[in-house]
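Chemist: My structure is below; once you've seen it, I'll send some questions.
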């Protein structure tokens, strides 16, 4: 199983095996109406290798707060057995 990270809109990233899986999870999270509105304005896409390294994941539940690359966080979640697809990161907290 290969998990990728998909940018779904300007605020949210999902981790999933495929873009279709990420879109379905987003639909479950926000409903059909909101998803349709988002898809009309933003085309979801898989992150590049460069983005996986350059984007910073901020773990606000760690004490003290920890920062790591999206790639490192994804690897950590895979090793911990996290279930996918799921919301991976958001700027809305």
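Chemist: Name every residue in the stretch 1-37 that is surrounded by fewer than 18 Cβ atoms within 10 Å (Cβ to Cβ), outside any loop (DSSP other than H, G, I, E, B) and more than 12 Å from the chain's Cα centre (by Cα), in order of residue number.
Modeler: Residues satisfying the conditions are 20, 24, 27, 28, 29, 30, 32, 33, 34, 36, 37.
Chemist: Of all residues in the stretch 50-66, which are in contact (Cβ under 8 Å) with a residue 12 or more places away in the chain and part of a helix (DSSP H, G or I)?
Modeler: The answer is 51, 52, 53, 54.
Chemist: Every residue in the stretch 61-74 that is out of contact with any strand residue (DSSP E or B) (no Cβ under 9 Å at 6 or more places or on another chain) and within 25 Å of residue 28 (Cα to Cα), please.
Modeler: 61 - this is the single residue of the stretch 61-74 that is out of contact with any strand residue (DSSP E or B) (no Cβ under 9 Å at 6 or more places or on another chain) and within 25 Å of residue 28 (Cα to Cα).
Chemist: Tell me whether the stretch 67-78 contains one or more residues that are part of a loop (DSSP other than H, G, I, E, B) and surrounded by fewer than 16 Cβ atoms within 10 Å (Cβ to Cβ).
Modeler: Within the stretch 67-78, not a single residue is part of a loop (DSSP other than H, G, I, E, B) and surrounded by fewer than 16 Cβ atoms within 10 Å (Cβ to Cβ).
Read-outs throughout are calculated quantities, based only on the coordinates presented, and are distinct from any laboratory measurement. On a predicted model such as this, the values are computed, not experimentally measured, just so you know. Glycine also receives a Cβ, built like all others from the backbone with ideal geometry; neighbour counts cover every protein chain displayed.
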